[in-house]
1. Of the numbered conditions (1) in a helix (DSSP H, G or I); (2) more than 17 Å from residue 328 (Cα to Cα); (3) open to solvent by 20 Å² or more (accessible area, probe 1.4 Å); (4) not hydrophobic (A, V, I, L, M, F, W, C), residue 276 satisfies every one except a single condition; which is it?
2. Does at least one position in region 124-131 carry a residue that is open to solvent by less than 60 Å² (accessible area, probe 1.4 Å) and either among the hydroxyl-bearing types (Ser, Thr, Tyr) or at pLDDT below 90 (or both)?
3. Keeping to region 126-149, report how many residues are small (Gly, Ala, Ser) and within 18 Å of residue 195 (Cβ to Cβ).
4. Between a residue in region 244-267 that is touching a residue at least 24 places away in the same chain (Cβ under 8 Å) and more than 11 Å from residue 30 (Cα to Cα) and any residue that is open to solvent by 40 Å² or more (accessible area, probe 1.4 Å) and among the acidic types (Asp, Glu), which pairs come within a Cβ distance under 9 Å, given they are 6 or more apart or on different chains?
5. Return the total of residues in region 248-264 being open to solvent by 20 Å² or more (accessible area, probe 1.4 Å) and under 18 Å from residue 323 (Cα atoms).
6. Hey, any hits in region 177-193 for a residue that's of a type in the set (Val, Ile, Thr) and within 26 Å of residue 116 (Cβ to Cβ)?
7. Residues of region 325-367 being within 17 Å of residue 75 (Cβ to Cβ) and assigned to a loop (DSSP other than H, G, I, E, B), which ones?
Amino acid sequence: MISKKLEIKRGSDPILCVAILTLLLVGLVMVYSSSAVYAMEEYGDPFFFLKRQVIWLILGGIILFYMSSFDYKNLERLAYPTMAVTFVLLLLVMIPQLSKEVGGARRWISIGGINFQPSELAKFALAIFIAKSLVKRANRLSDFMYGYLPKLIVFGFFFLPILNQPDFGTAIIIGIVSFLMFFVGGVRPKFLFYSCLTLLPFLLSAIMGAEYRRRRIFAFLDPWQDPSNGGFQAIQSFYAFGRGGFSGTGLGKSSQKLFYLPEAHTDFIFAIIGEELGLLGAGTIVILFGILLWRGFRAALQVKDPFGSNLAIGLTILIVFQAFTNMSVAVGLLPTKGLTLPFISLGGSSLLVTMLCAGVLLNISEHAAKRF
């Protein structure tokens, strides 16, 4: 039994593992670099955010190591309990006594001074559920009423509460990941098209019903139209990339982190990477996520059971698409979303869930037919 476990462990995808560890190491360095001045000014300790990141990284490392050794096939029978727990947590966010409101959004459950964001866990829970349901009803995916509608209803039970928090960015992420999993899993494209049309009024209502979202759209179209308000973050991010050039200003030598660029250590940490490490550094991050996409899909194609294949596709898309969205916002290709850069931004719920997904992905890669 021991020799069998060791044999499986040696089958872990080393390229995927190196890519994940490199991203985590870059994140640790860049969180300190981007936050030290702000932390000193606000908390009198330049290591304030770095120490928090180390704590979350240790917790996330334990989760990653455990999940990389935990047979992913057991997640199939845990799909419904995980969904139930996550849905209850999303409901608890609506209770003021148990939740925490920041910037008009109520997304966190606060217990004993520890804040947790259930919408982050919802990404993982939905990926497991969809992977299981695609296998369970594989022969009925062309049937709207019995093969697709139950999945869509469950998706709605998660999508709408998250959209109502409001957490528009996460709602969009889980929507795109879910529908891509449906498409790859064999759901008829016309079902997905009609579903998107059905969701469109909810999305338009969410955008037009919130002034700050409208400002983000207008700022995205023309940041210089409102340079001191709606377009401020985008413009400061552009300045960061412009100053960085090809090789960067040097690690720790960013000017934009000196209270010019808001959320420099979270949402816009990619801009600081572009400034300090230049196109070389930013390009390396893109390549690392490209490697993660490649190796994640490789695991999905080579693992033998359909559940593992569906789950690997879902988790890979989840991580990489969020990274793509965050980096696109930083360079002005998308409106600001309030999403972190996986593995790299200041951690918490997002880092823990990302490392949870990475651990499962590594475990799936252990069962792939070929090592390289």
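The values are calculated or read from the model by the stated rules, or taken from the named source; none is laboratory data. Quantities reported herein were computed from a predicted structural model and do not represent experimental measurements. Ideal geometry is used to build each Cβ from the backbone, glycine not excepted, and the neighbour counts take in all protein chains shown. SASA here: full protein model, heavy atoms, side chains in, ligands and nucleic acids out. Shrake-Rupley method; radii C 1.70, N 1.55, O 1.52, S 1.80 Å.
1. Against the list (1) in a helix (DSSP H, G or I); (2) more than 17 Å from residue 328 (Cα to Cα); (3) open to solvent by 20 Å² or more (accessible area, probe 1.4 Å); (4) not hydrophobic (A, V, I, L, M, F, W, C), residue 276 comes up short only on (3).
2. Taking every residue of region 124-131 in turn, none turns out to be open to solvent by less than 60 Å² (accessible area, probe 1.4 Å) and either among the hydroxyl-bearing types (Ser, Thr, Tyr) or at pLDDT below 90 (or both).
3. Residues in region 126-149 being small (Gly, Ala, Ser) and within 18 Å of residue 195 (Cβ to Cβ): 4 in total.
4. Cβ pairs passing all conditions: 259/41.
5. Here the count works out to 1.
6. Yes; the residues of region 177-193 include at least one that is of a type in the set (Val, Ile, Thr) and within 26 Å of residue 116 (Cβ to Cβ).
7. Listed by number, the list holds a single entry, 367.
Conditions tested, residue by residue: (1) at pLDDT 90 or above; (2) of a type in the set (Asp, Glu).
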| position | (1), (2) |
| --- | --- |
| 206 | no, no |
| 236 | yes, no |
| 250 | yes, no |
| 263 | no, yes |
| 272 | yes, no |
| 291 | yes, no |
